[in-house]
C-alpha cells in the first residue's frame, strides 16, 4: 500500500455517536457547514438510529450497523440530490442520532385528587402515582413531531407531557372502574394495563412506546386514612376493658414503674368500668332515668268453710269488714291458693286483722 493510499485512509470521514449521559434522547452530529463527504462511514450502534435531514426534509433513517454513505444505501437522499453514480462531492445534511433504548424509572402522579364513587364510603378523593419506561419506537416521527431542530433533546423535555397524558387517562380509568377503594391495591396490575392501553394511541403519535407502566400506590386523603385507621384499631382492640387492663399491667412490668403505674392501672380500671356502664372514659355519663318499681303482686283471694259449705272468694278488704261485723272469728276456717288444707284464721296471716280490732268491752261496762 502506497503512502497516498495510507493518507487517504486516515482522512476517511467517520460519523458516530457515543452517549455518555443517561437522559439524552436525540443528539445532532455537529459538522462545520454540515458537509458530509460522499462515501463516509456511518456507525450506528445498538440502541441507536441515525436520521438524515437534507435541506429541511427528513431523508433516510439508518438502523444499527456500519454504512458507507453511497447511492446504493441512501435511496431517499439520492432522489433529493439527483446524484449520478460515481459522483463523490460532499453534500450538506444534518444527522440526528436517536437513542432507542429504554428510559426507565420515569415518574408520574396525580397533582389533584380524583373524585370517585365508592360503593362502601360514597364519594371519595383518590391519589395515585407510579413509574413507567419509555423508548423511541419511530425515530422519524419522534424527530418530526417532538424534537424539531433541537440539537440535544433530553427525556425531561418530554416527560412532563407524557405525565399529563397519563394522569388524564388514569383519572378516567379509576373513576369508571367501579372497584372499591379497599380492593384497588389487589387490582393495581389490571388497572395499570387499562391505563397503558388507554394512553397508547396518544403516545404512538409522538413516535414513542411505553414498554412498562406501573401503579405503585392508590391512596385516600390523610384525614380519611386516619379515620380508617381508628376503625381498624377498634376492630383489633376487641374488648376495651381487657385491652386497657392489659396496657396497665404491661406498664407495671416496665422498669421504673411505681406509684405512677399503680395510678395508671387504677385509671384504666376506672375507665373500663365507666365504659362498661356506658360512662365516658373521663367522667360519668348523664344520669339515667329512675327505674320504675315492680308491679304489685296479685292480691290473695280467700274462701270460708262454715257448716259444711264453702263461700268466697273474698278479698282481704272483704274479710276486714267481716271481722268488724263479727261474722269472721279467729276460729273460722279459711283457705287460699298455695295453702296446705283448711286452717283457722288465727293460724294464717289473717291473724293481723284481729289485732287491728279493739278487744270486746269488759263485762258490766
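Laboratory data are not the source of any read-out in this text; all were calculated from the coordinates shown. What you see is a predicted model, and the numbers here were worked out from it, not measured in a lab. Every residue, glycine among them, receives a Cβ derived from its backbone with ideal geometry; neighbour counts consider all protein chains shown.
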Pull out the extension gain between residue 303 and residue 349, defined as 0.36 nm times the separation in residues minus the alpha carbon to alpha carbon distance; nm, one decimal. 15.2 nm
Determine the distance separating the Cα centre of segment 326-353 from the Cα centre of segment 107-156; give it in Å without decimals. 101 Å
How high is the relative contact order of segment 103-223? Use alpha-carbon pairs under 8 Å, at least six apart in sequence, and give a whole percent. 40 percent
Could you line up 35, 70, 30 from fewest to most neighbouring Cβ atoms inside 10 Å? 30, 35, 70
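Counting only C-alpha contacts under 8 Å and six or more residues apart, can you give the relative contact order of segment 302-355 as a whole percent?
So the answer I get is 32 percent.
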Residue 230 paired with residue 185, simple spin-label distance in nm, labels 7 Å along Cα-to-beta-carbon: 2.1 nm
Can you put 228, 191 in order of Cβ neighbours within 10 angstrom, beginning with the fewest? 228, 191
FRET efficiency estimate (nearest 0.05) - Cβ-Cβ, residue 18 to residue 133, R0 35 angstrom: 0.95
Based on the Cβ-Cβ distance of residue 193 and residue 101, what FRET efficiency does E = 1/(1 + (r/R0)^6) give at R0 = 25 Å, to the nearest 0.05? 0.60
Take the Cα atoms of segment 168-238, find their three principal axes, and give me the spread along each one in whole Å, biggest first. 57, 19, 18
Stretch residue 327-residue 241 to full length: gain in nm at 0.36 nm per residue minus the Cα-Cα span? 24.3 nm
Apply the a/c threshold of 1.5 to the C-alpha gyration tensor of segment 291-351 and tell me whether it is rounded, prolate or oblate. prolate
Order of 206, 96 - criterion: other Cβ atoms within 10 Å of each residue's Cβ, fewest first: 206, 96
